[in-house]
1. I'd like the Karplus ³J(HN,Hα) series for the stretch 22-30: coefficients 6.51, -1.76, 1.60, θ = phi - 60°, whole numbers in Hz, and an x wherever there's a Gly or Pro.
2. Please state, rounded to one decimal and in Å, the Kirkwood hydrodynamic radius that the stretch 25-179 gives when every pair of distinct Cα atoms enters the mean of 1/r.
3. Pull up the cross-link candidates among the aspartates and glutamates for residue 138, meaning alpha carbon to alpha carbon under 19 Å and not fewer than 8 places away within one chain.
4. When the Cα atoms of the stretch 98-147 are enclosed in a convex hull and the volume is divided per residue, what value in Å³ results?
5. Going by alpha carbons, how many degrees (0 to 90, nearest 10) lie between the helix axis of 37-47 and the longest principal axis of the chain?
6. Return the whole-Å distance between the Cα centroid of the stretch 1-53 and the Cα centroid of the stretch 79-150.
7. Say we join alpha carbon atoms closer than 10 Å with springs in a Gaussian network model of the chain; which of 167, 94, 32 then has the biggest fluctuation?
8. Quick one: which residues, 5+ away or cross-chain, put their amide H under 5 Å from the amide H of residue 124? H built at 1.01 Å from N.
Amino acid sequence: MARSIVKQMRHKNLMELLEANPLLTDEDLALTLCVSVGTVRLDRALLGLPELRERMRRMAEKANRRLRSLRQEEVIGDLLELEPDHLALSYLTTSKEMAFRHTGIVWDHYIYSQASTLAMAVVEADMVVTGAARVRYKSPAHVGDKLIARAKVGVRKGNKNVVSVRTRVADREIFVGRFIVVACLSETAEAEKL
């Protein structure tokens, strides 16, 4: 009886952890729940919870269906979550092609590009451009790091939106940006106005 209760609590905790952060690996979950990776995989199977790759694929499909301001291939990183005019989430695995030759430190423009395109993607409009940006690099990213960027829409005045983007590697924040993103009329909409 006690074993059944422990298992139910572990299942509940597993579901809560994945709901809070669907990007957790089985290894992360095992460490947090103080169980083996095999136990986590068995629990996921019993609960019908997909593995990380499948969770990411499903999130990306859902987010890309909502994408309006950019095409999917224009977004740097994998768009995993998108609630237009509210928030967005992007995931980027760094590679050696993104780094300085001898240091393994990722070029800053990759980090900026992920944040900038995420800020544009979160605004629901046919055409969006970055009007201004204030950014701060807090820590370098290295080859193999998994960059998770979160965008949140703040103040909106007319066609201008303030979007804050924070990029993390695991528990370490490496980038903070505040973008003024401008929703423009598309060329066809401007022609219709005339």
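1. Taking θ as phi minus 60°, the curve returns x, 8, 6, 7, 4, 5, 4, 5, 4 Hz for the stretch 22-30.
2. About 16.7 Å for the stretch 25-179.
3. Result set, ordered by chain and number: 108, 171, 173.
4. With only Cα atoms used, the stretch 98-147 gives 94 Å³ per residue.
5. Approximately 80 degrees, to the nearest 10.
6. Between the Cα centres of the stretch 1-53 and the stretch 79-150 lies a distance of 30 Å.
7. Of the options given, 32 has the highest mean-square fluctuation.
8. 85
The values are calculated or read from the model by the stated rules, or taken from the named source; none is laboratory data. A quick note: this is a predicted structure, and the numbers were derived from the prediction, not measured. Counting neighbours? That spans all protein chains shown, and the Cβs are built from the backbone with ideal geometry, glycine included. The accessibility values were calculated without ligands, DNA or RNA, using every heavy atom of the protein model including side chains. Shrake-Rupley method; radii C 1.70, N 1.55, O 1.52, S 1.80 Å.
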